[in-house]
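The values are calculated or read from the model by the stated rules, or taken from the named source; none is laboratory data. Since the structure is predicted, the reported quantities are computational estimates derived from the model, not experimental observations. Reconstructed Cβ throughout: ideal geometry from the backbone, glycine too, with neighbour counts over all protein chains shown. With ligands, DNA and RNA removed, areas are computed over all heavy atoms of the protein, side chains included. Shrake-Rupley method; radii C 1.70, N 1.55, O 1.52, S 1.80 Å.
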Amino acid sequence: MNVTKTTALAHSNIALVKYWGKRNTQLNLPAVGSISINLENLHTTTSIEVKEHLKSDELFLNGNPAKKHESERVRSFMDLLRKKSGNKIFTEIISHNNFPTSAGLASSASAFAALSLAASCVFGLQSSKEELSELARQGSGSAARSIYGGFVEMKKGSRHDGIDAVAIQLAPKEHWELRLLIAITSESKKETGSTDGMKLSEKTSPYYKGWVKSSTPDIDEMRSAIYNKDFQKLGELAEFSCLKMHGLVMSSRPGLLYWNGTTIEVIHAIKELRRRGTAVYFTIDAGPQVKAICLPKDTIQIKKELEQIPGVKKIIETPLGGDARIIGGES
Ligand code: PMV
């Protein structure tokens, strides 16, 4: 008998080499490759249940019916599964994030990774990890990376159909014990989502071509920093890619600025810690939160310093997480 209800869990991830820009909007194909680490303590849990009486999918996010634009995005994603499986069923989807949604903590990454896995299961698709990654990418580019735990590379791919634009695992989380301290500086939703931000940068920034061209060497270097466990190289490159992406974003017209004042204070505090001899580096996605990357031995000291910065609301600490997985199901 087919599974009619299942629950999947996927972790969020943070890019060390950033993805920004699409080579095909419809298939959501990235213009650049990216490398990320998967985060244990930030995750989405998604339950999906086939309901015979439904005429369209119903979505609940964090205990509330989803907003119109969120439901539409998920329904068109579910259409992909209906097309792939030839199955016309509709579902009830209940999704929970254990962290602030849409504030630059990659909630769409863990959300679409968990949904890809759970939905594939109820649609009876025996999807490989690669197929799941391809599917998740169509929901959100960074979601393709959240299928895997540890250190993950998203391939830009070159095919028009996008089947080679998938993520692969570079190394499992056990390869290298790193810690992330996420300084939450605001819990409000960002004004410009990543898709709109990317479109704007591509259309208007004089730096866009340079950004795309210069991404391949970053990927190659980051891959070797990970394999060689070269923390300084990893950190320096992560900051470089982050600032390059935000430079691109700021150079769009009108310029976008995802940071607030506290974001900048935290950057300075991390640089100061480094001047005093602590190995810590920052990265920031399309939002105001700063992610400090460090080694386990320095976590307590760094957390103490960052907590004291006025405007830092809280610090979320996390080691690296594992693969997206099914955590419950019923027939
Ligand atoms: O997956 P999206 O469409 O939300 O885009 C993610 C963009 C960044 O988070 C800023 C960078 C990245 O590589 O995750």
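Sorting L248, L125, L243 by solvent-accessible area of protein heavy atoms yields L243, L125, L248, largest first, with a 1.4 Å probe.
Between the C-alpha center of the stretch 50-128 and that of the stretch 239-306 there is a gap of 32 Å. Karplus-derived 3J(HN,Hα) values for the stretch 183-192, using 6.51 cos²θ - 1.76 cosθ + 1.60 with θ = phi - 60°, are 8, 7, 10, 6, 10, 7, 6, 6, 7, 10 Hz; glycine and proline are entered as x. Extent along the principal axes, Cα only, for the stretch 5-175: 45, 35, 28 Å, with the longest axis given first.
Highest mean packing comes first when the peptides 22-29, 186-193, 164-171, 197-204 are listed by Cβ atoms within 10 Å, giving 164-171, 197-204, 22-29, 186-193. Taking amide H atoms as placed 1.01 Å from N in the peptide plane, the amide H of G149 lies under 5 Å from those of D323, A324, each 5 or more residues away in sequence or on another chain. Surface composition of the stretch 5-175: carbon and sulfur make up 50 percent of the accessible area, probe 1.4 Å.
For the stretch 179-318, a crude dipole built from +1 on the beta carbon of Lys and Arg and -1 on the beta carbon of Asp and Glu, taken about the Cα centre, is about 20 debye to the nearest 20.
Note that the stretch 277-286 has calculated 3J(HN,Hα) couplings of x, 8, 7, 8, 9, 10, 8, 9, 8, 7 Hz, one per residue in order, obtained from phi through the Karplus relation 6.51 cos²θ - 1.76 cosθ + 1.60 (θ = phi - 60°); glycine and proline are x.
In plain terms, the bigger the Kirkwood radius, the slower the diffusion; for the chain, with that radius from Cα pairs, at 25 °C and 0.890 mPa s, Stokes-Einstein puts D at 123 µm²/s. Under 5 Å from the amide H of K22 lie the amide H atoms of A31, each residue being 5 or more positions distant or on a separate chain, with H modelled from the backbone and absent for Pro and chain starts.
If you bin all the Cα-Cα distances of the stretch 170-251 at 10 Å, starting from zero, the percentages per bin are 14, 36, 33, 16, 0. Rounded to the nearest whole Hz, the Karplus-based 3J(HN,Hα) values (6.51 cos²θ - 1.76 cosθ + 1.60, θ = phi - 60°) of the stretch 163-168 follow the sequence 6, 9, 8, 9, 8, 9, with x at glycine and proline.
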